[in-house]
1. Using 0.36 nm per residue of separation minus the Cα-Cα distance, give me the extension gain between residue 251 and residue 85 in nm, one decimal.
2. Starting from 0.36 nm per residue, how many nanometres of slack lie between residue 159 and residue 220 once their C-alpha separation is accounted for?
3. Springs between alpha-carbon pairs under 10 angstrom, Gaussian network model over the chain: which of 251, 162, 238 fluctuates most?
4. Measure out, as a whole number of angstrom, how far apart the alpha-carbon centroids of the range 202-237 and the range 251-307 sit.
5. What's the extension gain from residue 293 to residue 75 if we count 0.36 nm per residue and subtract their Cα-Cα distance?
6. Give me 204, 161 sorted ascending by neighbouring Cβ count inside 10 Å, so fewest comes first.
7. Between residue 54 and residue 126, what is the label-point separation in nm under the 7 Å Cα-to-beta-carbon projection?
8. Taking springs between alpha-carbon atoms closer than 10 angstrom, which of 154, 183, 261 fluctuates most in the Gaussian network model of the chain?
């Protein structure tokens, strides 16, 4: 009753922001992401004769459970009819709770490892729906490449799951450079930020009214490998999402000075003929979209900016997978 899974984080090109059902984690809008091969979480789960459930993430025992990881484990144990306690050990190769989609990779890896350890045989659609109940964006990390999470319309969430739009080999020269400007945990979690935005931002209705056009452009851009359409749509979509956050009460501003510096730099490079675009999730980190031919030039430029602590170059990656290399 032990299994280990590895899942890559995914970064949304068209963002998910706001829940219509917070218990089942059903979104107000569909979203599209790229699964990133350079950002991963590895999780080992064992059901056994432990005195209590224990969860250790990056060598620290989980105390403040914002994502209700224990609740997700209990959900899986109930499905499998398991009463034994659980030991979970998880590690990621990037900062957690800092705007780099650690919950997406972490909960996807946890879902695959826990269901496998429990003996449940779930297909990708079922794994996506189950992962969604732990963390919405985790539904997308079950798949590799470019992925769309369908918002669905049913109250029970039976039609809200992620599906692959294109596998990791479809667009081999597409790159995303994750620029880490801070490793600190953000003051406002994505979960809290979404709820605050939906309830107080006067711009949230505009976000929902414009999202379908963004989704159409992104699907078309990926299908045609139209980098300009994909990049410009992703950048505009990210700015709209952050505009809704900034206009909440109280305002949520995730950006650091380095965030703004990188955004201005990308726009300047683009004017100079170096085509690249930026996107940000709920955190200060900037992800730069570019093609492989421009990676070295962009990383050189980034090295000259004072606020960039580290860069991780990502290409489209694999979906969640089992491995026999356990963490304990």
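Here, each number is a calculation from the coordinates, and none is a lab measurement. As the structure is a computational prediction, the values presented were derived from the model and not from experiment. Neighbour counts are summed over all protein chains in view; Cβ atoms, including those assigned to glycine, are modelled from backbone coordinates with ideal geometry.
1. Numbers: separation 166, 0.36 × 166 = 59.76 nm, distance 4.10 nm.
Length gained between residue 251 and residue 85: 55.7 nm.
2. Details: separation 61, 0.36 × 61 = 21.96 nm, distance 2.26 nm.
Additional length available on full extension: 19.7 nm.
3. Sorting by GNM fluctuation, first place goes to 251.
4. 19
5. On the way: separation 218, 0.36 × 218 = 78.48 nm, distance 4.54 nm.
Separation in residues times 0.36 nm, less the Cα-Cα distance, equals 73.9 nm.
6. Working: 204 20, 161 23.
Starting with the residue having the fewest Cβ neighbours, the order is 204, 161.
7. That separation, rounded to one decimal, is 3.1 nm.
8. Taking springs between Cα atoms under 10 Å, the residue moving most is 154.
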